[in-house]
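So the structure is just underneath, and the comments pick up after that.
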Amino acid sequence: MNSRKQLLNHLLDIGGVGTLNNFYSPFAKTHKGGLLFTRKLFKSYAEDGLIEKIETIGKPANKAHEVFYCLTKKGADYIGRPNEYRYKKYQRSPYNIMHESMKFDVALSFLRLFPHKKFTFRYDASFYGVRPDILIRVESSNPKELTRFLLVEIERKKTIDRVFHEKIKRYEEMFQAITQKKSHNVSQFQVLVVYTDIWWDVFLRPQEYNNPSVINHIDCITGLLKNLVNHYCKFLPPDRYRFLGFHNFYRLPDVVWHTPQGNRVALLL
DNA sequence: CGAGGAAACTGCCCCACAGC
DNA sequence: GCTGTGGGGCAGTTTCCTCG
């Protein structure tokens, strides 16, 4: 598969919508370089009617960050996947741009960094009132193993106590309900909490992370994440949760995940 | 001053072709 | 037939430039 089709396949996989910034190239040295080729591709897709710009409400400050494009029916046909395409006409730009952008960053990173795995992403799943930002279905390569579900919760909050009280508590209630009603197999589920604070610029790409003030900010968020784990999460089942700083979204396979007990581990998929 | 465009550069792969 | 090599093309990038 050539990269022209590769990008469209990824776009369809992550739900059919994304920004230029989401599809940056991780291999470029500079931030600009990482967007250049993507920009070329987007332009030619748009000319060929394979993707469509979603009209924004106001005037976007930065188009690469804030203008979302969606795959068209023609685009799905072009990559030979017309029946997987669920056509949704997006009237306007996604309502919470930063949060949407983070979701697509995470979903796309799973595709890019675990290319041998088969993922299915959903953004509208709900279990006993808990709505994860992304539900990732991980197809097992081994037929004996069960399909797994990753419930990704993306949190951009000033303080960590809110992450615990507003989210993790609800997840625990959900697990209780599941156990009681025996509706799902709890061991198939893992909750991935992706955290950053509200001052973090979610549009920054890894190529921009070498700026001293950004490095400083990353340290700060890592500290907050450790506090979250140490103060609130110790008692949680060790394999049920994993915690990640959003700034590590581009290195998902690395040992960058925290267990509820505060150990750093890699994700087992 | 920053986003985006143009042009120039680079490393890699492919393939023709020569020499054995 | 096998294999080493060198040119050409191209995907992807860097650097420089323009324009609002």
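The values are calculated or read from the model by the stated rules, or taken from the named source; none is laboratory data. Since this is a predicted model, take the numbers as computed values, not measurements. Here the Cβ positions follow ideal geometry from the backbone for every residue, glycine too, while neighbour counts run over all protein chains shown. We work out accessible area using only protein heavy atoms, side chains counted, and drop any ligands, DNA or RNA first. Shrake-Rupley method; radii C 1.70, N 1.55, O 1.52, S 1.80 Å.
Going through the range A:243-258 one residue at a time, which ones are in contact with a strand residue (DSSP E or B) (Cβ under 9 Å, 6 or more places away or on another chain) and assigned to a helix (DSSP H, G or I)? Within the range A:243-258, A:Phe246, A:His247, A:Asn248, A:Phe249 qualify.
Within the range A:16-36, restricting attention to residues that are assigned to a helix (DSSP H, G or I) and near DNA strand C (Cβ under 8 Å from one of its atoms), the residue that is most open to solvent (accessible area, probe 1.4 Å) is A:Lys32. The residue that is nearest to A:Gln6 (Cα to Cα), among those in the range A:90-147 that are among the acidic types (Asp, Glu) and touching a residue at least 24 places away in the same chain (Cβ under 8 Å), is A:Asp105. Set side by side, the residues A:Thr147, A:Thr222, A:Thr196, A:Thr179 differ, and just one is outside the structural domain of A:Lys32 (by TED's automatic domain parsing), more than 21 Å from A:Leu244 (Cβ to Cβ) and within 20 Å of the chain's Cα centre (by Cα), which is A:Thr147. Does A:Gly223 meet the test of being loosely packed, with under 13 Cβ neighbours inside 10 Å and of a type in the set (Gly, Ala, Ser)? Judged against the criteria, A:Gly223 is a match. For A:Arg242, the conditions (1) of a type in the set (Lys, Arg); (2) open to solvent by 50 Å² or more (accessible area, probe 1.4 Å); (3) closer than 16 Å to A:Leu267 by Cβ are fulfilled apart from (2). Taking the listed residues A:Tyr78, A:Tyr85, the one that is more than 20 Å from A:Leu135 (Cβ to Cβ) and away from DNA strand B (no atom under 12 Å from the Cβ) is A:Tyr78, with no other qualifying. Going through (1) in contact with a His (Cβ under 8 Å, 6 or more places away or on another chain); (2) over 27 Å from A:Asn227 (Cβ atoms) one by one, A:Trp200 falls short only on (2). Within the range A:227-242, not a single residue is free of Cβ contacts under 8 Å to residues at least 60 places away in the same chain, within 29 Å of A:Ala28 (Cα to Cα) and in a helix (DSSP H, G or I). Taken over the range A:121-159, the residue count meeting the criterion of being surrounded by 13 or more Cβ atoms within 10 Å (Cβ to Cβ) and at pLDDT 90 or above is 24. Scanning the range A:234-241 turns up one or more residues that are in the same structural domain as A:Val152 (by TED's automatic domain parsing) and under 19 Å from A:Gly129 (Cβ atoms). Counted as qualifying within the range A:46-138 are the helices (runs of 4 or more DSSP H) with 3 or more residues that are within 16 Å of DNA strand C (Cβ to nearest atom) and under 29 Å from A:Phe189 (Cα atoms), namely A:97-113. State yes or no: is A:Ile51 more than 16 Å from DNA strand B (Cβ to nearest atom), surrounded by 14 or more Cβ atoms within 10 Å (Cβ to Cβ) and modelled with pLDDT of 90 or more? Answer is no for this residue. Scanning the range A:1-48 for residues that are within 16 Å of DNA strand B (Cβ to nearest atom) and among the β-branched types (Val, Ile, Thr) gives A:Thr19, A:Thr30, A:Thr38. Taking the criterion of being closer than 19 Å to A:Phe203 by Cβ, in contact with an Asp or Glu (Cβ under 7 Å, 6 or more places away or on another chain) and charged (D, E, K, R), would at least one residue in the range A:132-153 satisfy it? Yes, there is a match, as at least one residue in the range A:132-153 is closer than 19 Å to A:Phe203 by Cβ, in contact with an Asp or Glu (Cβ under 7 Å, 6 or more places away or on another chain) and charged (D, E, K, R).
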